[in-house]
Amino acid sequence: MQANLSKRINEILVLAVLERGPAHGYQIALAVEEETDGAFTFQHGTLYPILHRLEAEGLVTGAWQEGSRRRKTYALAPAGRAHLEAESSDLRAQFATLMGFLEGAARAA
Amino acid sequence: MRREQPLRRLDRVLRVPARSRLLLLEEIGADYEALLERLAARGVPEARARRLAARRLLPGRAARADLEAAYRTPLRRWLGQGITDATATALLVALTVALGSAGILAALWWPGPLRDAGAFSWLLAAVALPALANWGHGVARIVLEDDLRAERRVRLLGRHAGFAIAGLAVASLGVAWEALGLLTAFSASAPHGEALWSAVARVSTLGAIGLGVVAAGLLSWLLLVPKLLQYERTEARIRRVVEREPVTEVAR
Amino acid sequence: MIGTIWTEMGFIRYPLAIAAVALALQTGLAIWRMRGPGEGDPAGLGRDTILVWGLLAATVGGIGTLVGIAQLSRAIAQAGAVSPGLVWGGLRLTMTSTVAGLILLAISAMAWLAIDYVRARRTRTAGTPRGPAQPGAIGTK
């Protein structure tokens with residue numbers, strides 16, 4: 001359950017960043033870290049397996065940009081947008097339930 | 001002592017197919033370089049920037065394991081998680097040798113010049129089977145991992161060449177030995193007619209079989225070449241990607 | 001003359017013909033890789049393959065000769081008395097495939113040496129196995 005939740009959160013963070021527009025891998029990592037004030041970070045290259053899995057599942061698309069050095073850019077696919085919406089509302093509901101439970105437990109204590 | 005460049009180290013430890021490894025190194029290398037530039041623009045000292053960028057972007061053990069799982073070949077995926085790479089390779093090699101042994105034993109058992117040749121045939125089999133195991137090992141790695149690093153390629157081809165030469169030597173030795181035996185017999189009582197020509201036929205057939213084994217060795221080498229060439233070219237591109245990266249630091 | 005040699009070689013002419021065509025293709029490919037875009041032939045494996053095809057042709061030619069001698073010998077053994085002219089003529093026929101195989105080996109060796117020489121010259125003049133590094137991206141595939 002814990003591993004699954006962590007995986008879902010990582011995916012939704014990536015998809016949420018890409019919802020604003022295409023980005024390189026390092027830009028996604030920086031955006032997540034800076035906008036969550038370091039609460040969520042991608043360390044030790046954990047971002048890349050996530051990105052590649054999302055690409056394999058068709059939730060994001062990857063494209064190479066030619067230049068002095070080839071760079072890969074990721075963009076949110078239509079299936080990814082739908083998945084993001086579904087996961088967002090699902091996680092919101094789960095966290096709302098969790099917060100409700102904790103508040104009830106606190107009141108009982 | 002100079003520390004190993006991160007991308008070079010990643011290339012060394014990452015066990016994914018060669019083509020996928022090239023794409024990963026290109027992607028990670030470009031992101032690493034871009035992040036360094038971003039951190040430098042923010043005034044982060046270079047050494048610290050390299051450490052920060054490496055910690056964020058360079059795959060650690062867990063991330064590498066995830067990538068390796070994601071890029072497994074279809075056969076490796078089919079064999080499942082419960083079997084290690086070494087075991088899978090050993091199984092494929094054993095299968096290759098078993099099939100080869102069955103073929104060789106059938107040829108030795110079947111009535112004909114090979115069976116009549118006795119020790120020569122067993123000697124040829126003694127060269128053919130390890131050659132088959134060596135070739136099978138290369139094929140197993142190609143099929144299971146879709147990669148064969150430079151040192152393994154050199155070993156595989158070097159041994160294969162050695163076995164081919166050994167096969168040629170054994171074939172030549174067999175023919176020479178048979179011929180020597182026949183000439184010794186003939187020098188005692190000069191042969192004529194059927195005896196002589198039957199002996200010539202037998203020696204020639206043995207020679208043809210020996211050369212046939214050598215030809216099989218050469219053909220099996222040629223079968224591997226297209227894939228090995230692809231790996232060499234991919235590794236040359238990987239070297240170019242990795243060489244773009246400057247040395248991180250030098251520990252004195 | 002070529003038609004006569006082709007007929008004289010017997011069944012072994014087909015593997016030899018395949019080896020000859022493969023040798024020509026491999027040589028062309030090695031030259032194209034040397035001159036064309038992409039990573040070329042970094043460790044010379046494509047070039048070495050030319051030699052292996054030549055060795056295979058020589059081996060196949062040898063097999064053809066030995067099989068021919070074996071067939072001839074069995075036929076003579078069964079026939080009993082045979083004129084010397086027929087024997088030597090038969091043996092001459094069997095040698096054709098070895099000669100053809102060795103010619104292909106010689107051609108492959110010369111092609112290997114020529115390509116190796118050109119590669120070495122390019123390395124000396126440009127400093128890399130394929131010339132100066134190309135600006136821009138590393139390939140498109």
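Each residue, B:A195 and C:Y117, gets one label point 7 Å from its Cα in the Cβ direction; the gap between the two is 5.6 nm. Its relative contact order, with pairs defined as Cα atoms under 8 Å and 6+ residues apart, puts the range C:1-121 at 37 percent. Rounded, prolate or oblate: which fits the range B:82-236, taking a ≥ b ≥ c as square roots of the Cα gyration tensor eigenvalues, rounded meaning a/c under 1.5, else prolate when a/b beats b/c? Here the range B:82-236 falls in the prolate category. Taking chain B as a Gaussian network of alpha-carbon nodes connected by springs under 10 Å, the highest mean-square fluctuation of the residues B:A65, B:A195, B:A88 belongs to B:A195. To the nearest ten degrees, helix C:45-79 and the longest principal axis of the Cα atoms of chain C are 0 degrees apart. Volume of the convex hull of the protein assembly as shown (Cα atoms only), normalised per residue: 232 Å³.
Over the range B:133-222, accessible surface divided per residue gives 47 Å², non-protein components excluded, 1.4 Å probe. Among the helices of chain B, those built from whole DSSP H runs whose Cα atoms reach 24 Å or more along their own axis and whose mean Kyte-Doolittle hydropathy is at least -0.5 are B:18-41, B:85-109, B:119-145, B:150-188, B:194-243. Mean separation of Cα pairs under 8 Å and 6 or more residues apart, divided by the residue count, gives the range C:40-103 a relative contact order of 53 percent.
When nucleic acids and ligands are ignored and a 1.4 Å probe is applied, B:L91 ends up with an accessible area of around 100 Å².
Among the protein heavy atoms of the protein assembly as shown, carbon and sulfur supply 65% of the accessible surface, probe 1.4 Å, non-protein parts ignored. Taking all Cα-Cα distances within the range B:43-129, those exceeding 23 Å account for 58%.
With respect to chain C, whose longest principal axis is taken over its alpha-carbon atoms, helix C:13-35 is tilted by about 10°. Give, as a single signed number, the net charge of other residues whose beta carbon lies under 14 Å from the beta carbon of C:D116, with Lys and Arg counted +1 and Asp and Glu -1. The answer is +4. Accessible area of B:E178 (1.4 Å probe, protein heavy atoms only, ligands and nucleic acids ignored): about 30 Å². Using a simple spin-label model with pseudo-atoms 7 Å out from Cα toward Cβ, B:T87 and B:Q230 lie 2.8 nm apart.
Applying 1/(1 + (r/R0)^6) with R0 = 30 Å to the Cβ-Cβ distance of C:R124 and B:V44 gives a FRET efficiency near 0.10. Roughly how far apart, in whole Å, are the Cα centres of the range A:21-71 and the range B:133-199? Answer, in whole Å: 55.
Using a probe of 1.4 Å on the protein chains alone, the accessible area found for A:H52 is around 20 Å². Per residue of B:66-73, other chain Cβ atoms within 10 Å of the residue Cβ number 3 on average.
Short-range pairs are left out: with C-alpha atoms under 8 Å and at least six residues apart, the relative contact order of the range B:82-236 is 28 percent.
The values are calculated or read from the model by the stated rules, or taken from the named source; none is laboratory data. Bear in mind the structure is a predicted one, so any value in this text is a computation, not a measurement. In this analysis, Cβ positions are derived from the backbone assuming ideal geometry, glycine residues included, and neighbour counts consider all displayed protein chains. SASA here: full protein model, heavy atoms, side chains in, ligands and nucleic acids out. Shrake-Rupley method; radii C 1.70, N 1.55, O 1.52, S 1.80 Å.
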